[in-house]
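This report concerns only the one structure given below.
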Protein chains: 4
Amino acid sequence: MKAVRLHEFHARPAVDDVPEPKITGPLDVIVKIGGAGVCRTDLHIIEGQWDERMHTPLPYILGHENAGWVHEVGSGVTNVRPGDTVILHPLVTCGLCHACRAGDDMHCTSGAFPGLSRDGGMAEFLLTSARACVKLNPETRPQDVAALADAGITAYHAVRKAIPLLHPGTTCVVIGAGGLGHIGIQCLATLTAATIIVVDANPDALKLAEQLGAHHTVVADGGQRDAVADLTGGRGAHAVLDFVAEQGAEMDGWAMTGEAGSYFVIGYGGTLHVPTLDIISTERNVIGNIVGTYNDLAELMALAQGGKVTLHTRTYPLDAAADALADLDAGRVRGRAILVP
Amino acid sequence: MKAVRLHEFHARPAVDDVPEPKITGPLDVIVKIGGAGVCRTDLHIIEGQWDERMHTPLPYILGHENAGWVHEVGSGVTNVRPGDTVILHPLVTCGLCHACRAGDDMHCTSGAFPGLSRDGGMAEFLLTSARACVKLNPETRPQDVAALADAGITAYHAVRKAIPLLHPGTTCVVIGAGGLGHIGIQCLATLTAATIIVVDANPDALKLAEQLGAHHTVVADGGQRDAVADLTGGRGAHAVLDFVAEQGAEMDGWAMTGEAGSYFVIGYGGTLHVPTLDIISTERNVIGNIVGTYNDLAELMALAQGGKVTLHTRTYPLDAAADALADLDAGRVRGRAILVP
Amino acid sequence: MKAVRLHEFHARPAVDDVPEPKITGPLDVIVKIGGAGVCRTDLHIIEGQWDERMHTPLPYILGHENAGWVHEVGSGVTNVRPGDTVILHPLVTCGLCHACRAGDDMHCTSGAFPGLSRDGGMAEFLLTSARACVKLNPETRPQDVAALADAGITAYHAVRKAIPLLHPGTTCVVIGAGGLGHIGIQCLATLTAATIIVVDANPDALKLAEQLGAHHTVVADGGQRDAVADLTGGRGAHAVLDFVAEQGAEMDGWAMTGEAGSYFVIGYGGTLHVPTLDIISTERNVIGNIVGTYNDLAELMALAQGGKVTLHTRTYPLDAAADALADLDAGRVRGRAILVP
Amino acid sequence: MKAVRLHEFHARPAVDDVPEPKITGPLDVIVKIGGAGVCRTDLHIIEGQWDERMHTPLPYILGHENAGWVHEVGSGVTNVRPGDTVILHPLVTCGLCHACRAGDDMHCTSGAFPGLSRDGGMAEFLLTSARACVKLNPETRPQDVAALADAGITAYHAVRKAIPLLHPGTTCVVIGAGGLGHIGIQCLATLTAATIIVVDANPDALKLAEQLGAHHTVVADGGQRDAVADLTGGRGAHAVLDFVAEQGAEMDGWAMTGEAGSYFVIGYGGTLHVPTLDIISTERNVIGNIVGTYNDLAELMALAQGGKVTLHTRTYPLDAAADALADLDAGRVRGRAILVP
């Protein structure tokens, strides 16, 4: 089958011809890919940022945001069968550890992460497990929803954690209105009555943000901290959701967080430098966020099927993976790029 | 009256003769001080660390950890009367803002902080308000409990926030077994079944920690990160309570925090440097902590009166304030130093 | 001044000429009433249902849902001044007890409840306290918002407690789409993505419910339990908000609550009969609700001013209080009846 | 093998010779029973109380509180192997539904309950699944811990839900100091600083309660409501854990619950009759409780292995099951009766 593989860091991935995956365990599931999202994390993988943490032997297939149709299942699989339309929780989890059982399966002690720690879904077929499959209406087109499997779940997971802080009368700043941010804004607008301020360097992204529910938009042109201070009467925001967290956004995000507020780190790439006196004198928090749980994805699908979250996507054929990555890197993608094999 | 006043930064405070405070508002309360704690924050004030944030005009009276007897009350005070033994919530709060009404009075939008933002309690008398008074059994000696008013409440506040993370089978690291830490350890031992690991550079402090409920102690001699990694099977702690957060402890605390865990910053003075990739890939949190609420203090008094929290203190006459500060700075105080006017 | 007073139980209240209230304490506030809501609780008071609990000596002035303009203030009042437009938290609370400080001021240990435990607001002037006043934009007409002071806050309080149960994909049943229910539906529609099923005996009320955000409506004609079972695939609802809780609604509400779900009692008058086996075998909860906190009211005003909650009211002159009560009793009021002095 | 089977309701179970269970699915596990607890629920099953809900065809093997050694495993089992010492979560759960994934596996939508809905563990061997096994230290004697599998987990589950209500200074009433209650008292004493009041009709049970951490004990001789009112200054308890909930205890429990408090129903058999006015005017809650989650059991084992929870048990050979049931029914068992095959 055709697959987009990374052969070396700092080089563009190649479209290779590789063997199809095989079922070996009773809970294995092979999915025929209908859509595979292209993510800023793919750029970070190519830059080698994840190598130290993952040590995944090269070459391997990229793609951690996948939807398609069940192709083949192991002998113990009871929840899906061949032909089912599915979107995939990005992790392959055990279901037996304390984290999996506590509703926190992102922290499965023996999980695998296709597209990061082993072969992913920028290919014709993907090997995953029964536990990762969220069954969809048969008529759903996988390419239309694939972006929910990582961009969507990650944005939803952070918003869900922020909801208890965002009672009516509060303010939430969103940094970055791209692939993740444009979903996060919709989740906030649907699930809270908070005032939403969106910060982005790109005026087109801000225009989209307004349509999706932002109450105020701020161009990140150097004056963004002052603008947020003005909009919040000098108090800062109750929560800041930072979908960028690099190139200075991370220090902006912290500075925009008000007393007793929380700064949610979702993007990455930058480094936070914070005196502990600043942390304690204001009792602010920094909240880590990594993808989301299977139930987060299932809940997000309920939102999407109810029309509360709409994706903005642009499709590319699998062969054009390098173009999609280049467009993303250059800021030419509104919403999310999706590869269709 | 006699009072310990700071006249300039980086210089030792003087014991001056100053006028007694006067009642001017209906909710004012004047307390005759029975005990005023000496805190690392007093050292930080003298170093000028708080000046940028507080801008308090010099000279002013130090002392934010106070207990004593009600001396005089304003016309609208209903909850205490002259002669009552009281311990004082360190903040003077309005009771009318959203924070005060939400059980979060540390973030009162018009609060004052005697000893930081105005004259404090290292004196014969202190001006505070009705809302700050916690009434005690008449026979309680203020000097025996004063340390609960800041060291105690701060430690309890952080422990209370950590409790939901610390179900049986989890591990909590405590960095620093001094004035705050020795109370935090007792709160943890009473209110959770977590395994408690205490890290401190001072072997005597660790000996005290063991008596107070620590399951493991680690000397901070350079090998503390490895020691905690060993004790946690390489997973790190579910929560780290850092009562030091300077001179490298802050980076230790972050490193000792396990995946999905929380690092509680309570001490201060250092600076945290954290790549956002480290935050998101492990979904760790940094939790700010500042003193505690009035109810925290009331609950802590219930623990103390039930014998669950015992203070280790050393008293000094008011005139010896400089000695007490010097002893604290040199690490010569086990537990807490208390000035007795 | 004119005032609507209850002289004996089971008799209609009279419009009397009584002395105006006077300021006696430093935190007292006298409000000139602009609108006083008429509530089912007023009918229950007249029936004597609250006498056993309140023992309020007759005659007294009814009216616990009030808005108007500050007329006079005590010497210690700092948050409002004469002329301010205000809506009033229905309780007069102390601000000093554990409950007041814990964000739970409905359970103030020394609170008073004008209109139930002492003279209320169906009059030209009302005596309350500084802590009860929520300041509004000067141009707000009190009669337009008064219904938020009790019907609104009560509905919002219950919804706020239910939100953590109502993630996307869940179902909430609302029993009763009257004065409280029509606000509750709007709060649910704004703050959750749950599927909302509204049950009421009155087809007009159900028509209003649909306009306000109900996804399904069910006529309470005897088949309501089956209808809800059908709409939930036999599983029952995750939460049931019962704004009636009398005349059989209470047993309906319990029966409509699904496994691990919660039945919120907000209305009253009936009696619940539940075998403990039914409680434990399904792990269902019964959640009590009484009015709401000051912060609930402030947050609800934020929703109302953002246009997320719109009141349906019908005004009557103060002299027509008996007509308003009769209309309410006969089910002739859509939304809420408001007396305007 | 020998097994204790129920052939008809209202008759004592028989010890029969039946075929051993067989592995049929990849995740099946057969456990050689080392200890099977005898529970008040077994008496209720015999009385037919569960038949309406479970419809389990007679005869079937009783026993839902089991520990032993893994005897045989299916092809897909990875977490245990033959010879492992295990205690069993009482439910056989799917791991795939929303509840299982949300840390709420007691509400598995396709779970089975050996001993209630199919053959249980009062036998030489029991068929369960990989997900039910909690691995223990090899030297643990199953008969010493079996009572934690149902009595223990149920008590712990309720205490864990009550902990957020039980900050220092609060009061918790425990009704019933038998098989479940004597564990609940220890969990409360270890995990909270609440004042614990234990109510039981049996003076010996109260003596045990005192040794286990009760601060006050009350004989249930008719004056128990007054006694609790006296001990709480007329305010009632913040939480009541009712391990009896029949023969009047259920109305006692509700009456002992203070304003804004919660009444936890754990035992069963009686019927609660509560006017909705009583529920709302005090904002009290009734909280259902059914067994507990797998993680609850794992956490409880951590408490037990740390010596924080000690069981009081009395063993009987499997053949003497009828004697054990009779002793339990007659109130002759202190702690828990355990059958040892």
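Taking C:THR310, is it part of a loop (DSSP other than H, G, I, E, B), among the polar types (S, T, N, Q) and surrounded by fewer than 20 Cβ atoms within 10 Å (Cβ to Cβ)?
Working: part of a loop (DSSP other than H, G, I, E, B): yes; among the polar types (S, T, N, Q): yes; surrounded by fewer than 20 Cβ atoms within 10 Å (Cβ to Cβ): yes.
Against the criterion (part of a loop (DSSP other than H, G, I, E, B), among the polar types (S, T, N, Q) and surrounded by fewer than 20 Cβ atoms within 10 Å (Cβ to Cβ)), C:THR310 qualifies.
Filter the stretch C:214-233 down to the residues that are touching a strand residue (DSSP E or B) at 6+ places or on another chain (Cβ under 6 Å) and of a type in the set (Gly, Ala, Ser), then identify the one that is surrounded by the most Cβ atoms within 10 Å (Cβ to Cβ).
Filtering the stretch C:214-233 for residues that are touching a strand residue (DSSP E or B) at 6+ places or on another chain (Cβ under 6 Å) and of a type in the set (Gly, Ala, Ser), the one surrounded by the most Cβ atoms within 10 Å (Cβ to Cβ) comes out as C:ALA214.
Which ones in the stretch A:93-119 are farther than 17 Å from B:SER281 by Cβ and hydrophobic (A, V, I, L, M, F, W, C)?
Those that are farther than 17 Å from B:SER281 by Cβ and hydrophobic (A, V, I, L, M, F, W, C): A:CYS94, A:LEU96, A:CYS97, A:CYS100, A:ALA102.
Tell me, which strands (runs of 3 or more DSSP E) wholly within the stretch D:95-187 include 1 or more residues that are β-branched (Val, Ile, Thr) and over 16 Å from D:ASP296 (Cα atoms)?
It comes to D:125-129, D:171-175.
Restricting attention to the stretch C:22-42, which residues are farther than 19 Å from C:ARG314 by Cβ and buried (at least 23 other Cβ atoms within 10 Å of the Cβ)? Don't jump to the end; show me each part of the working.
The first filter runs over the stretch C:22-42 and keeps only residues farther than 19 Å from C:ARG314 by Cβ, leaving C:22-32.
Within the stretch C:22-42, C:LEU27, C:VAL29, C:VAL31 qualify.
Considering each of B:GLY184, B:GLY179 in turn, give the residue that is within 30 Å of B:PRO341 (Cα to Cα), modelled with pLDDT under 95 and in the same structural domain as B:PHE264 (by TED's automatic domain parsing).
After applying the criteria, what remains is B:GLY179.
Six or more apart or on different chains, Cβ atoms under 9 Å: show the pairs whose first residue is in the stretch C:94-109 and more than 18 Å from C:ASP28 (Cα to Cα) and whose second is basic (Lys, Arg) and in a loop (DSSP other than H, G, I, E, B).
C:THR109/D:ARG235
If I go through the stretch D:44-87 residue by residue, how many of them are more than 19 Å from the chain's Cα centre (by Cα) and among the basic types (Lys, Arg)?
Going through the stretch D:44-87 one residue at a time, the tally reaches 1.
Using the structure shown, decide if B:PRO21 is in contact (Cβ under 8 Å) with a residue 40 or more places away in the chain and out of contact with any strand residue (DSSP E or B) (no Cβ under 7 Å at 6 or more places or on another chain).
For B:PRO21, the condition - in contact (Cβ under 8 Å) with a residue 40 or more places away in the chain and out of contact with any strand residue (DSSP E or B) (no Cβ under 7 Å at 6 or more places or on another chain) - is not met.
What helices (runs of 4 or more DSSP H), lying completely within the stretch A:193-294, carry at least 2 residues that are of a type outside the set (Lys, Arg) and more than 10 Å from chain B (Cβ to nearest Cβ)? Full working, then the answer.
Working: elements: A:203-212, A:224-231, A:249-256, A:276-282.
Because the criterion is at least 2 residues that are of a type outside the set (Lys, Arg) and more than 10 Å from chain B (Cβ to nearest Cβ), the helices (runs of 4 or more DSSP H) in the stretch A:193-294 that meet it are A:203-212, A:224-231, A:249-256.
Could you check, for the stretch C:119-139, whether at least one of its residues is surrounded by fewer than 24 Cβ atoms within 10 Å (Cβ to Cβ) and within 19 Å of C:THR41 (Cα to Cα)?
Checked against the condition, which is being surrounded by fewer than 24 Cβ atoms within 10 Å (Cβ to Cβ) and within 19 Å of C:THR41 (Cα to Cα), the stretch C:119-139 yields at least one hit.
Is there any pair linking a residue in the stretch D:164-190 that is within 25 Å of B:CYS187 (Cα to Cα) to one that is modelled with pLDDT of 95 or more and acidic (Asp, Glu), with Cβ under 6 Å and at least six apart or on different chains, and which?
Filtered contacts from the stretch D:164-190: D:HIS167/B:GLU299; D:PRO168/B:GLU299; D:GLY169/B:GLU299.
Looking at the stretch A:34-55, which of the residues that are more than 22 Å from A:LEU311 (Cβ to Cβ) and out of contact with any helix residue (DSSP H, G or I) (no Cβ under 9 Å at 6 or more places or on another chain) is modelled with the lowest pLDDT?
A:GLU52
Going through C:ALA149, C:ALA155 one at a time, which residue ends up being crowded, with 20+ Cβ neighbours inside 10 Å and either more than 30 Å from C:GLU259 (Cβ to Cβ) or modelled with pLDDT under 95 (or both)?
Every option except C:ALA149 fails the conditions.
Quick one: would you say C:CYS39 is over 17 Å from the mean Cα position of the chain (by Cα), under 18 Å from C:VAL291 (Cβ atoms) and assigned by TED's automatic domain parsing to the domain that holds C:ASP323?
No.
Identify all residues within the stretch A:234-258 that are surrounded by fewer than 18 Cβ atoms within 10 Å (Cβ to Cβ) and closer than 16 Å to B:VAL286 by Cα; write none if there are none.
Those that are surrounded by fewer than 18 Cβ atoms within 10 Å (Cβ to Cβ) and closer than 16 Å to B:VAL286 by Cα: A:MET251, A:ALA255.
Of the residues that sit in the stretch C:45-63 and are crowded, with 16+ Cβ neighbours inside 10 Å and part of a helix (DSSP H, G or I), which one is nearest to the other protein chains (Cβ to nearest Cβ)?
C:ILE45
From the list C:ALA337, C:ALA321, which residue is touching a residue at least 12 places away in the same chain (Cβ under 8 Å) and within 15 Å of the chain's Cα centre (by Cα)?
Details: C:ALA321 fails: within 15 Å of the chain's Cα centre (by Cα).
Only one candidate passes the filter, namely C:ALA337.
Name the single residue, out of those in the stretch C:305-315 being more than 9 Å from every other protein chain (Cβ to nearest Cβ) and in contact (Cβ under 8 Å) with a residue 60 or more places away in the chain, that is farthest from D:THR276 (Cα to Cα). Spell out the reasoning first.
Pass one, the stretch C:305-315, residues more than 9 Å from every other protein chain (Cβ to nearest Cβ): C:305, C:307, C:309-315.
Filter once more, keeping what is in contact (Cβ under 8 Å) with a residue 60 or more places away in the chain: C:305, C:309-313, C:315.
Numbers: C:GLN305: 33, C:VAL309: 27, C:THR310: 28, C:LEU311: 26, C:HIS312: 27, C:THR313: 27, C:THR315: 30 Å.
Checking each candidate, the answer is C:GLN305.
If you go through the stretch B:64-80 one residue at a time, how many are within 14 Å of chain C (Cβ to nearest Cβ) and either more than 19 Å from C:SER129 (Cα to Cα) or in contact with a Lys or Arg (Cβ under 7 Å, 6 or more places away or on another chain) (or both)? Walk me through it before giving the result.
Within the stretch B:64-80, the first condition is being within 14 Å of chain C (Cβ to nearest Cβ), and the residues that meet it are B:73-80.
Narrowing further to those that are either more than 19 Å from C:SER129 (Cα to Cα) or in contact with a Lys or Arg (Cβ under 7 Å, 6 or more places away or on another chain) (or both): B:73, B:80.
Number satisfying all stated conditions: 2.
Would you check if there is a residue in the stretch A:12-21 being over 29 Å from A:ILE266 (Cβ atoms) and within 14 Å of another protein chain (Cβ to nearest Cβ)?
No, the stretch A:12-21 contains no residue that is over 29 Å from A:ILE266 (Cβ atoms) and within 14 Å of another protein chain (Cβ to nearest Cβ).
Which of the residues belonging to the stretch B:290-341 are among the polar types (S, T, N, Q), closer than 26 Å to B:GLN211 by Cα and at pLDDT 95 or above? Break it down stepwise before answering.
If we filter the stretch B:290-341 for residues that are among the polar types (S, T, N, Q), which is where we start, we get B:293, B:295, B:305, B:310, B:313, B:315.
Narrowing the set further to residues that are closer than 26 Å to B:GLN211 by Cα leaves B:305, B:310, B:313, B:315.
The answer is B:THR315, and nothing else.
Can you find, within the stretch B:95-121, the residue that is farthest from the other protein chains (Cβ to nearest Cβ) among those that are within 20 Å of B:HIS157 (Cα to Cα) and of a type in the set (A, V, I, L, M)?
Among them, the one singled out is B:ALA112.
Of these, D:LEU328, D:LEU303, which one is in a helix (DSSP H, G or I) and touching a Ser or Thr at 6+ places or on another chain (Cβ under 7 Å)?
Of D:LEU328, D:LEU303, the one residue that is in a helix (DSSP H, G or I) and touching a Ser or Thr at 6+ places or on another chain (Cβ under 7 Å) is D:LEU303.
The values are calculated or read from the model by the stated rules, or taken from the named source; none is laboratory data. Everything numeric here is computed off the predicted structure, so don't read it as measured data. Backbone-built Cβ (ideal geometry, glycine too); neighbour counts: all protein chains shown.
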